[in-house]
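Before we start, here is the structure in question, set down as structure tokens.
Read-outs throughout are calculated quantities, based only on the coordinates presented, and are distinct from any laboratory measurement. These figures come from a predicted structure and were not determined experimentally. As a convention, Cβ positions derive from the backbone with ideal geometry for all residues, glycine included, and neighbour counts pool all protein chains shown.
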Amino acid sequence: MPKPGGSAASSPLVGGSEEPTLKEISIPGRRAWSLTPLDVPEIELDLPEKSEGRVALPEVSEHDLVMHYTRLSHRNFAVDLGAYPLGSCTMKYNPKVCDWAAEHPAFRDLHPATPESSAQGALAVLLEAERFLCEITGMDRATFQPPAGASGELTGLLLMRAYHEDKGEERSKILIPDAAHGTNPASVTLGGYEAVEVPSNDRGMVDVEALRGLVDDQVAGLMLTNPNTLGLFEENIVEIADIVHEAGGLVYYDGANLNAIMGVAKPGSMGFDIVHSNLHKTFATPHGGGGPGAGPVAVHDVLVPFLPGPLPEADEEGVLRWVMPAKSIGRVHGKHGNFGVVLRALTYMKALGGDGLRRVSERAVLNARYLEELIRGPYDLPYDSPCMHEFVASAKTLKKSTGIRAMDIVKALMDEGFHAPTVYFPLIVDEALMMEPTETQSMQTMDALANALLSIADRAATEPDALHAAPVNTPVGRPDEASAARHLRVTWRSDDD
Amino acid sequence: MDFTPHTSADIGEMLSRVGLASIADLFGHLPERVRVVGDLDLPAGISEPELVAAITALAERNDDLVCFAGGGHYDHYLPPTVRSLNMRTEFVTSYTPYQPEVSQGVLQALFEYQSMVCAITGMDVANASVYDGAGAALEAVNVAVAATHRNVIWVSEAVGPQVRQTIATFAHARGIAIVEHPIVAGVTHWNPDAVGPPAAVVVAQPNYLGAIESYGSAVEAAHTRGALAIAVVDPMTLGLLRAPGEAGVDIAIAEGQPLGGPLTFGGPGVGLFAVTEGLVRRLPGRLVGTTTDDNGRLAYVLTLRAREQDIRREKASSNICTNQSLNAIGVAIQLAWLGPDGLTEVGRQSAQKARYMAARLTTIDGVELAHPAAYVREFAITLPVAPAVVIDAMAKEGILAGIDLSADYPELGNGLLIALTEQRTKEEIDAYIALLREVIAHA
């Protein structure tokens, strides 16, 4: 019977047969393309490095193509189908009006080399989005060139390097908490630094005394997510920033968890110098099956001269121009970043305004706190401090008593029509289940999600084999991932060999 | 607007369940000093009709120009069929396919993308995309540095300036030296005495000035020195030109926007990234492979995951996490829409139109081709007046004349880069030529 509030459980994926590849569907002579005949006199093209023969692309009709991709889409879960409590990923609803904005022909068909005078609207989008971001984060200026969070991190590290080099200093180390996202240490290596791990204490926070012991004149900076990856607000954040600053280092805010604090607390007030935001998390731009995102980087005044450029600025007459910052580190993207993503994010921010953005964070935290309370008991909550927009539960006790692991639980959850939470991250928690409901899920959805989780915990004792076999209501069951790596087949071409 | 579903009754019930009296209590444990006092200094939220009006007002500040600019981003026909499939909500609003059981659609679409990128480039393995053409070049350089344990990169000056600048930004931090090789008569002259040995030799095909380079010279310059040959290609020329994989290139990369992507002011585009088999374990980013599930059914999964940042952390082959999957799926749909003949036809028409235009442009006094080398669909000319003057004057008449080369290639003087696609009509080209004649006469 339908319930008020509807359902965010979805099993559109049940059954259905395997979809062949386009190569398997292809029949020579079929075509979907339609182009206007050439309207200039044809001459012989005398090209060096000319190709011989035809490119081995599939040949399909338009209807073949439409059926193929529509069927593929039916074999995929999505935010638009149901609840997606994937911790650290902020899988909130992506408003359709933002899609509309990004598809507006005046933006969609705008070439990146369009002169400033003909692209005033686009430059205004960047400036207005910058104003929102800077106010939310407590920073002074921002670049939208980084196309993703990891690129923002690397940009931040290059800004640190430029800052220190400008002062005539060479520093070699970046401090990172042991619970950090994997992109942090990977970015540090690419930034030419050595990553030094800072341990967490038993309350899930940065161990301040250990940090003191690690700080020296070789430390270029500290990278931190706050709330941290356990969903906890770093209570000693001001002290932490002071310790790094006193040693001459800079403090970098990984914006993965910004959704918890908009209008509530600003990274700038916590002592951060550089902040990246994930527009595809906090600002509701869609994840696109893995991207595109955008990872704009905002900084304090002292770092503005080093920002990647060019940046848009208004001249005396109010005309927007591209200006290269005085000591810019250079470009970090071939053009102006993922502009279409920025446009979507601006549309979202304008829709909500300052008041609405604060409401987002309040309700994101309320939802996480509520869901955490509902599953308390059967699931361990290893760090029982008040969570922010997400929390990390653990299946450690359940595993000990029943042999059922976090992975079994999330696979069983898929059978109930929900996407899995993040599993086995952060690495410092055994059998971790990281849940982030986001503000766009309703109380009724969280009740249903919690009921599913509680029922799975019950079944762990009574029918463990069924849980080991989950999922069964999905297009495929658990794949043999080791075999995929052992017998590498990553294109359909290898079938011909 | 408000995208949260909470009624005040819901909020009351939820607060009481977690034992709090008010929303403010949710944040009671935050240090006083970091809390925002009062409201953010931002405009208040607005209704959807107001929002649509505000975005429309911004859009109206852009001019609608007939596009003759390229430089990596091209105004090709984007079929509604391709766009509507690409924008299917299941592709748009899903996350990275880490849970394969509920991600078969995206995984298979990316597997087919990888397959088609290999088909057009002649390479063995393609990843599931990187950010953009410039980002792909940076990742390729990193692969070469790791594979050869060398820290010098040879780059042609005819590789796009923004690509070279992006590489330089990141190379500095890791102590990688960039050695640029000059352009002679439009194509790269690989200076045998340059500082080396290099980890990689980077060439663009066609190059930024539109000229067709010799793959042989670039590959030889690389392979005789134990370096990798990296080629930045224009994917829309691959129906006409030799595939980089057949020319001995080790890493082929491209900005994929011309295939199924709108221009959107240069992003999101997508970086195509393909390598020879021997480099597969050094690939940056995600890779989709096949296996079977517990019932023996074919299943697509992310594979060779041990290269990636979430597993390898500071030892990962790259820091990339979020990529451009949605755009990659668009590339695949567009390639399937085109098929082998459509891809060749787009290339042929673009090239024919480029020749038609170049022949007539050079009848204008003082306008000449910037180099004698053969080109496909993009070419450089020199003008008797500053390119910026021409670009501004023509923009006022509704034409984007091209890209100003004078800052990046001062040796050309007043250089202008012009690109053609199958979309430009004879009428538009003729109008361009007439207008340029007039602008030059009055300059």
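Assign one of three labels to chain A, namely rounded, prolate or oblate, based on the Cα gyration tensor with a ≥ b ≥ c the square roots of its eigenvalues; rounded applies when a/c is under 1.5, prolate when it is not and a/b is larger than b/c, and oblate otherwise.
Numbers: a/c = 1.61, a/b = 1.01, b/c = 1.59.
It is oblate, given that a/c is not under 1.5 and a/b is not larger than b/c.
Considering the options B:Leu287, B:Leu78, B:Tyr113, tell which one lies farthest towards the positive end of the dipole of chain B, charges being +1 on Lys and Arg and -1 on Asp and Glu at the Cβ, about the Cα centre.
Of the listed residues, the answer is B:Leu287.
For the stretch A:361-483, just say rounded, prolate or oblate: build the C-alpha gyration tensor, square-root its eigenvalues into a ≥ b ≥ c, call rounded for a/c under 1.5, and beyond that prolate if a/b exceeds b/c, oblate if not. Write out the running numbers ahead of the final one.
On the way: a/c = 1.66, a/b = 1.44, b/c = 1.16.
Prolate, because a/c is 1.5 or more and a/b exceeds b/c.
More than 21 Å apart: what percent of Cα pairs in the stretch A:32-186 qualify? Please list the in-between numbers first.
Numbers: 8992 of 11935 pairs.
Tail of the P(r) past 21 Å holds 75 percent of the pairs.
Same structure, new question: In percent, what relative contact order does the stretch B:330-426 have, based on Cα pairs under 8 Å that are 6 or more apart in sequence? Numbers along the way, then the final one.
Values: 128 pairs, mean separation 28.0, N = 97.
Reported as a whole number, the value is 29 percent.
Could you give the dipole magnitude of the stretch A:361-483 about its Cα centre, charging the beta-carbon of Lys and Arg +1 and that of Asp and Glu -1, in debye to the nearest 20?
Details: 10 positive and 19 negative charges, 34 e Å.
Here the stretch A:361-483 has a charge dipole of around 160 debye.
As a test of the definition: which semi-axes, in Å, follow for the stretch B:80-334 when you take the square root of five times each eigenvalue of its alpha carbon gyration tensor? Largest first, please. Mind showing how you got there, number by number?
Working: eigenvalues 191, 82, 50 Å².
Over the Cα atoms of the stretch B:80-334, the ellipsoid semi-axes are 31, 20, 16 Å.
Taking every pair of alpha-carbon atoms in the stretch A:98-351, what share in percent sits in each 10 Å bin, from 0 to the bin with the longest distance?
7, 33, 35, 18, 6, 1
State to the nearest 20 debye the size of the charge dipole of the stretch B:213-296 about its Cα centre, where the only charges are +1 on K and R beta carbons and -1 on D and E beta carbons. Walk me through the intermediate numbers first.
On the way: 5 positive and 9 negative charges, 40 e Å.
Once rounded to the nearest 20, the dipole reads 200 debye.
A further question follows. Assuming 0.36 nm per residue, please report the length gained on full extension of the stretch A:Thr397 to A:Met324 beyond their Cα-Cα distance. Walk me through the numbers on the way to the answer.
Details: separation 73, 0.36 × 73 = 26.28 nm, distance 5.63 nm.
Extra length from A:Thr397 to A:Met324 when fully extended: 20.6 nm.
Once you put a point 7 Å from the Cα of A:Asp217 and another 7 Å from the Cα of A:His300, both along the Cβ direction, what distance in nm separates them?
2.1
Here is a further query. With a cap of 10 neighbouring Cβ atoms within 10 Å, and only residues DSSP puts in a loop, list the trypsin sites (Lys or Arg not before Pro) found in the stretch B:104-177. Could the numbers behind the result be given before it?
Values: sites: B:Arg150, B:Arg164, B:Arg174; in loops: B:Arg150, B:Arg174.
Taking the stretch B:104-177 and a limit of 10 other Cβ atoms within 10 Å, no loop trypsin sites (Lys or Arg not before Pro) are found.
If I take every Cα pair under 8 Å that is 6 or more residues apart in chain A, average their sequence separation and divide by the length, what percent do I get for the relative contact order? Before the final figure, lay out each step's value.
Working: 918 pairs, mean separation 100.8, N = 497.
About 20 percent, as a whole number.
Take the Cα pairs of the stretch A:218-325, get the Kirkwood Rh, then feed it into Stokes-Einstein at 25 °C and 0.890 mPa s and tell me D in µm²/s.
The diffusion coefficient I find is 158 µm²/s.
For the stretch B:76-203, what size does the Cα cloud have along each of its three principal axes, sorted from largest down, in whole Å?
54, 34, 26 Å, listed from the longest principal axis down.
So, one more: Given the Cα atoms of the stretch B:328-407, and with Rh set as the inverse mean 1/r over their pairs in the Kirkwood sense, what is Rg to Rh to two decimals?
1.08
Past the 32 Å Cα-Cα mark, which pairs from A:Lys96/A:Lys399; A:Lys350/A:Lys411; A:Lys23/A:Lys281; A:Lys23/B:Lys315; A:Lys96/A:Lys411? Each step should come with its number before you reach the end.
Numbers: A:Lys96/A:Lys399 41 Å; A:Lys350/A:Lys411 38 Å; A:Lys23/A:Lys281 35 Å; A:Lys23/B:Lys315 36 Å; A:Lys96/A:Lys411 30 Å.
Going by Cα-Cα distance, A:Lys96/A:Lys399; A:Lys350/A:Lys411; A:Lys23/A:Lys281; A:Lys23/B:Lys315 fall outside the 32 Å limit.
Moving on. Full extension from B:Ala306 to B:Asp193: what is 0.36 nm times the residue separation minus their Cα-Cα distance, to one decimal in nm? Can you show the working numbers first?
Details: separation 113, 0.36 × 113 = 40.68 nm, distance 3.91 nm.
Difference between extended and current length: 36.8 nm.
Among the GluC sites (Glu not before Pro) in the stretch A:17-74, which ones are in a DSSP loop with at most 14 other Cβ atoms within 10 Å of the Cβ? Mind listing them?
Those satisfying the criteria are A:Glu18, A:Glu42, A:Glu44, A:Glu52.
Shifting gears a bit: Output the 0 to 90 degree angle, nearest 10, between the alpha-carbon long axis of helix B:426-442 and the longest principal axis computed from the alpha carbons of chain B.
Tilt relative to chain B: about 70 degrees.
Which residue, chosen from B:Ala158, B:Gly175, B:Val202, occupies the Cα position most advanced towards the positive end of the dipole of the stretch B:80-334, where the dipole is computed from +1 (Lys, Arg) and -1 (Asp, Glu) charges on Cβ about the Cα centre?
B:Gly175
Sticking with this one: Could you give me the radius of gyration and the Dmax of the stretch B:291-443, taking only the C-alpha atoms into account and expressing both in angstrom?
Gyration radius and largest Cα-Cα distance of the stretch B:291-443: 23.0, 75 Å.
Here is a follow-up. What shape does the stretch A:125-260 take by its C-alpha gyration tensor, where a ≥ b ≥ c are the square roots of the eigenvalues and a/c under 1.5 counts as rounded, a/b above b/c as prolate, and the rest as oblate? Working shown, then result.
Details: a/c = 1.62, a/b = 1.18, b/c = 1.38.
Because a/c hits 1.5 or more and a/b fails to exceed b/c, the stretch A:125-260 counts as oblate.
Follow-up. Residue farthest toward the positive end of the dipole of chain B, with Cβ of Lys/Arg at +1 and Asp/Glu at -1: which of B:Ala299, B:Val331, B:Val367?
Projecting each Cα onto the dipole axis, the largest value belongs to B:Ala299.
Can you give me the relative contact order of the stretch B:199-261 as a percent, contacts being Cα pairs under 8 Å and 6 or more apart?
Details: 90 pairs, mean separation 21.4, N = 63.
Reported as a whole number, the value is 34 percent.
So, one more: Compute log10 of I(q)/I(0) for the protein assembly as shown with the Debye formula, placing one identical point scatterer on every Cα and leaving out solvent, at q = 0.08, 0.09 Å⁻¹, to two decimals.
Reported log10 I(q)/I(0), two decimals: -0.71, -0.91.
What size of dipole, in debye to the nearest 20, comes out for the stretch B:367-443 about its Cα centre when the only charges are +1 on Lys and Arg C-beta atoms and -1 on Asp and Glu C-beta atoms? If you can, show how the numbers build up before the last one.
Working: 5 positive and 12 negative charges, 18 e Å.
In debye, rounded to 20, the stretch B:367-443 gives about 80.
Now for a different question. Where in the stretch A:80-120 are there trypsin sites (Lys or Arg not before Pro) that are in a DSSP coil and have at most 15 other Cβ atoms within 10 angstrom of their Cβ? Present the calculation step by step, with values, prior to reporting the outcome.
Details: sites: A:Lys92, A:Lys96, A:Arg108; in loops: A:Lys92.
When the trypsin sites (Lys or Arg not before Pro) of the stretch A:80-120 are filtered for loop state and at most 15 Cβ neighbours within 10 Å, nothing remains.
Please average, across the residues of B:300-306, the number of beta carbons from any other chain that are within 10 Å of each residue's own beta carbon, and give a whole number.
5
When each pair of different Cα atoms in chain B is counted once in the 1/r mean, what is the Kirkwood radius in angstroms, to one decimal? Before the final figure, lay out the partial values.
Numbers: mean 1/r = 0.0412 Å⁻¹.
After inverting the pairwise mean of 1/r, the radius is 24.3 Å.
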